[in-house]
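J.: Next up is a structure, given as structure tokens.
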Amino acid sequence: MSFLNLAFPAEAALPFAQTMMGMFVAYLRPALGLGALLTFVMIFKPLILGLAQAAVLLVKPRKSLEQRILAHKFSGKMMLNRMANEYSMTQPNFAAELRNMAARD
């Protein structure tokens, strides 16, 4: 140890303080970057969601009203046919009625 270390203790501790500050900044920098990214996403969330919905509509456009009505009717007919298949062994008359209902428009 030299006499200057005793006279100026702050200068002797300066390399240690620089190392500690460097480690602190190294840990803090990713957290600040992540916080900035999260803030950016929260501010522009409506815009990001709108762009995502537009991209989904480009890939898979929405069906028209007529197509949706026909799909609903078709699913109802398929349900009646499934029920008729379930009852065909135990109640054949009821199964025939269900098939008749499914065949109607």
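The values are calculated or read from the model by the stated rules, or taken from the named source; none is laboratory data. Bear in mind the structure is a predicted one, so any value in this text is a computation, not a measurement. Positions of Cβ are backbone-derived with ideal geometry, glycine not excepted, and every protein chain shown enters the neighbour counts. In case anyone asks, the SASA skips ligands and DNA or RNA and just uses the protein heavy atoms, side chains included. Shrake-Rupley method; radii C 1.70, N 1.55, O 1.52, S 1.80 Å.
J.: Quickly run through segment 15-67 and pick out the residues that are among the charged types (D, E, K, R) and outside any loop (DSSP other than H, G, I, E, B).
T.: Initial filter on segment 15-67 (among the charged types (D, E, K, R)): 29, 45, 60, 62-63, 66.
If the condition is that a residue be among the charged types (D, E, K, R) and outside any loop (DSSP other than H, G, I, E, B), then 29, 45, 66 are the ones that fit.
J.: Let me ask something else about it. Take residue 17 and tell me if it is of a type in the set (A, V, I, L, M), within 30 Å of residue 101 (Cβ to Cβ) and surrounded by 10 or more Cβ atoms within 10 Å (Cβ to Cβ). Explain how you work it out, then say what you get.
T.: Values: of a type in the set (A, V, I, L, M): yes; within 30 Å of residue 101 (Cβ to Cβ): no; surrounded by 10 or more Cβ atoms within 10 Å (Cβ to Cβ): yes.
In short, no.
J.: Counting only residues that are open to solvent by 90 Å² or more (accessible area, probe 1.4 Å) and not in a loop (DSSP other than H, G, I, E, B), how many does segment 71-100 have?
T.: Number of matching residues: 10.
J.: Out of segment 58-70, which residues are exposed (fewer than 10 other Cβ atoms within 10 Å of the Cβ) and of a type outside the set (Lys, Arg)?
T.: Here is the first cut: in segment 58-70, the ones exposed (fewer than 10 other Cβ atoms within 10 Å of the Cβ) are 58-62, 64-66.
Matches in segment 58-70: 58, 59, 61, 64, 65, 66.
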